[in-house]
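Please read the structure below before turning to the comments.
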Amino acid sequence: MSRLLDEALPLDAQGRRRWLEALSPEHQSLAGALREALLPVGEGGLAGALDAGAGSDLERIGSGPRPGEIVGPYRVIRLLGEGGMAEVWLAERADGAFKRDVALKLPVLLRLREDLASRFARERDILAALEHPNIARLYDAGVSSNGLPYLAMEYVAGEPLTDWCDAHRLAIRERVRLFLQVLDAVQYAHGQRVIHRDIKPSNILVTDSGQVRLLDFGVAKLLAREEEQSDLTQRYGRVLTPDYASPELVRGEQLGAAGDVYALGVVLYELLSGNRPYHLQAGASVAQLEHAIAAVEVKRPSTRVAAGAGGKRGTTERKLARRLRGDLDAIVLKALAKAPASRYDSATAFADDLQRSLSVEPVEARPDRVSYRFAKFSLRHRSGFAATAAAIALLVGALGYALIRSRGAEPLAATATAISGHSETAAAPQEKSIAVLPFIDLSVKKDQEYFSDGLSEELIDHLVHSADLKVIARTSSFQFKGKNPDVRSIARTLGVTHLLEGSVRKDGQQLRITAQLVRGTDGVQLWSQIYDRNFVDIFKVQDEISEKVSQALRVALRNGHGAGNREPDVRAYNLVLEGNYLKARRTLRDVEKAAQLYQQAIDISPDYALAWARLASAYLYEEVLKGPPSEDQNRRVLDALDRAVQLDPNLVWAYYTR
């Protein structure tokens, strides 16, 4: 681009317009950037601009040095690359202090000498603090005798990421593994409060040994000093590569790590499909760029596989599209979300989802559906899945039989409606509905979160026994845990007429539980009560709260306490709540610990049906996480479930709300 500017700068305004119109086809894509770069020059060309700027700090520094020239302590050898702001030269140490080849970064065109010097000083400070095996190191920085700022960086002999992968015909799996190195480097930089702002394949080199090196933090910003950098950006303009820029970057808005996540999404899109997410017209204006990047909906990578991309990935285009469909499509589109808050919140979260995809585990970018999770499980453990499928079939059959036997067809339909509520469908005005929000832990030590969560879940289980009340599932209501939105907003989101919320303070065996029922339309409190009790009375408190809510809403609670549903020992109950809290974390270690707690609860209260059901679910989840399951492992799931159903067939009604 600098050589093209050399041609255009001496021309007057009319000559520049004709020159831009006559650009060769291979340079048409730069027309928009060239036109914007030439705007400050004025009608008389460079000479006129320099005359007009006499006495100011506006300066032109040709198109860089010639091979053999000395810049600071370095002798330049050959040009490696160039961009809108600077050229990068291969150089060697020339003062005899020691031998070292470096990549020397030098400015091409300065609008304000102080401006660019500040940029180079800032880049020097940023790079000097970054030490990571996947980031090119900064060796030196300074100003030459003729006032030219320079940066001496580690010289990396390598190829751009996309070119290297194509040349080596890397399959999708290997490409993703290589990309994980990039994410690791970016996350490290973000941890140092540094963002890159110009992530693109040419700034990601791969060495012959297959190691990734991230280059050029020339437009990076320290997150902690955003306000100090804004003036620099305003004076020099938007320094970016449009094809990889985030919507907020092209709009000139405040930037953060989410912008790098977006650029990484563009790189991954190209790395997988061979195409970029959108086609930018040659010579596009800034307004056209903003529209293409900020407004046009991104298509799934699987639908935009480039011609010839299959062969470069060791497959065919058809098979490549099939490989990208699903998880990888979802992961890339999440990274490319228009709103920064909808993207991965960090490079680590991005990497974690890619790692899940490689391990054929459910990814966070896709809806959390049971069918999807079990499909993943079957793909990971084909050999053991037949036995597990049988276990699932028996599980569903046992629960279905219990439902039919204990309720009959009509109540079944009513209760199915009651427990299937989600936020997608708002409750009809005449339909009474409720969401039990996570109770807040107000204990002094803040160590009773498991108990406050468990109390909320138990209240859901109690209320779901009403055929006249729609109860929102735990997974929907618990999305507001730790947040503090307006209750009316929550009610609208969940589509409910009422909300039950409260708090818990537990100190030893002493309990203080506060509960209140709120009308969702206007936030009016319909009922509230404080319970100061001993922990052994927890079951009575749950019954009283459920009864008060049902009375306030004028709905009837069906008796859900069968012979096998006698109140367990409170110690066993507490162990089940602790197990529920651990199992919700979804790690193998926590699920195994949860299973141990459920078993301890059963040892205390052998007829505790809920503990048996929880033990069955923990065993099943262990198999999903570990696999492949053995016949004995499948058997223990069925045995625990069978015991739960024998003890209390009614348990399934509440259990389906999970």
Residues located in the range 526-536, provided they are of a type outside the set (Val, Ile, Thr) and at pLDDT 90 or above | Leu526, Trp527, Ser528, Gln529, Tyr531, Asp532, Arg533, Asn534
Please state which of the following conditions Gly147 fails to meet, knowing it meets all the rest: (1) surrounded by fewer than 20 Cβ atoms within 10 Å (Cβ to Cβ); (2) under 13 Å from Leu215 (Cβ atoms); (3) modelled with pLDDT under 75.
-> (2)
For the subset of the range 50-89 comprising residues that are of a type in the set (A, V, I, L, M), crowded, with 18+ Cβ neighbours inside 10 Å and not in a loop (DSSP other than H, G, I, E, B), which member is modelled with the highest pLDDT?
-> Val76
How many residues are over 35 Å from the mean Cα position of the chain (by Cα), within 22 Å of Leu575 (Cβ to Cβ) and either at pLDDT below 70 or of a type outside the set (Gly, Ala, Ser) (or both) if we restrict to the range 615-649?
-> 9
Is it the case that the range 285-292 has a residue that's part of a loop (DSSP other than H, G, I, E, B), surrounded by 18 or more Cβ atoms within 10 Å (Cβ to Cβ) and at pLDDT below 80?
-> no
Considering only the range 293-326, state which residues are assigned to a helix (DSSP H, G or I) and more than 26 Å from Asp163 (Cβ to Cβ).
-> Ala294
Hey, does the range 478-488 have a residue that's modelled with pLDDT of 90 or more, among the hydrophobic types (A, V, I, L, M, F, W, C), closer than 29 Å to Asp447 by Cα and crowded, with 17+ Cβ neighbours inside 10 Å?
-> no
Unmet requirement for Glu567, which otherwise passes all of (1) in the same structural domain as Val645 (by TED's automatic domain parsing); (2) surrounded by 21 or more Cβ atoms within 10 Å (Cβ to Cβ) | (2)
Hey, Ala258 crowded, with 19+ Cβ neighbours inside 10 Å, at pLDDT 65 or above and not hydroxyl-bearing (Ser, Thr, Tyr) or not = yes
Kindly establish whether Glu174 is at pLDDT 75 or above, assigned to a helix (DSSP H, G or I) and not hydrophobic (A, V, I, L, M, F, W, C).
-> yes
Pairs only if they're at least six apart or on different chains, beta carbon under 7 angstrom, first in the range 436-450 and closer than 18 Å to Gln542 by Cα, second in a loop (DSSP other than H, G, I, E, B); list them, first residue then second.
-> Pro438/Lys481; Asp441/Gln448
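Checking the structure you have, find out if any residue of the range 213-220 is modelled with pLDDT of 90 or more and assigned by TED's automatic domain parsing to the domain that holds Ser357. Talk me through it step by step, then tell me what you get.
Of all residues in the range 213-220, those modelled with pLDDT of 90 or more come to 213-214.
Still in the running and assigned by TED's automatic domain parsing to the domain that holds Ser357: 213-214.
Yes - at least one qualifying residue is present in the range 213-220.
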Within the range 515-544, restricting attention to residues that are in a strand (DSSP E or B) and hydroxyl-bearing (Ser, Thr, Tyr), which residue is nearest to the chain's Cα centre (by Cα)?
-> Ser528
Looking only at the range 598-608, count how many residues are part of a helix (DSSP H, G or I) and crowded, with 24+ Cβ neighbours inside 10 Å.
-> 2
Go through the range 179-188 residue by residue and tally those that are farther than 15 Å from Tyr269 by Cα and crowded, with 24+ Cβ neighbours inside 10 Å.
-> 1
Residue hits (the range 477-514; assigned to a helix (DSSP H, G or I) and touching a strand residue (DSSP E or B) at 6+ places or on another chain (Cβ under 7 Å)) are Ser477, Val487, Ile490, Ala491, Leu494
How many residues are over 16 Å from Tyr262 (Cα atoms), part of a loop (DSSP other than H, G, I, E, B) and aliphatic (A, V, I, L, M) when one looks only at the range 329-368?
-> 2
Return the only residue of Gly579, Gly520 being crowded, with 21+ Cβ neighbours inside 10 Å and closer than 18 Å to Ser452 by Cβ.
-> Gly579
How many residues are among the small types (Gly, Ala, Ser) and in a helix (DSSP H, G or I) if we restrict to the range 449-473?
-> 3
Count of residues meeting criterion [at pLDDT below 85 and on the phi > 0 side of the Ramachandran plot] in the range 261-284 = 1
Residues of the range 137-162 that turn out to be farther than 19 Å from Leu178 by Cβ and assigned to a strand (DSSP E or B), as a count | 12
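Conditions tested, residue by residue: (1) out of contact with any strand residue (DSSP E or B) (no Cβ under 8 Å at 6 or more places or on another chain); (2) free of Cβ contacts under 8 Å to residues at least 40 places away in the same chain; (3) not aromatic (Phe, Trp, Tyr); (4) not assigned by TED's automatic domain parsing to the domain that holds Arg488.
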{"residue": "Trp527", "(1), (2), (3), (4)": "no, yes, no, no"}
{"residue": "Asp532", "(1), (2), (3), (4)": "no, yes, yes, no"}
{"residue": "Phe539", "(1), (2), (3), (4)": "yes, yes, no, no"}
{"residue": "Val549", "(1), (2), (3), (4)": "no, no, yes, no"}
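The values are calculated or read from the model by the stated rules, or taken from the named source; none is laboratory data. The shown structure was predicted, so the numbers you read here are calculated from the model rather than taken from an experiment. Counting neighbours? That spans all protein chains shown, and the Cβs are built from the backbone with ideal geometry, glycine included.
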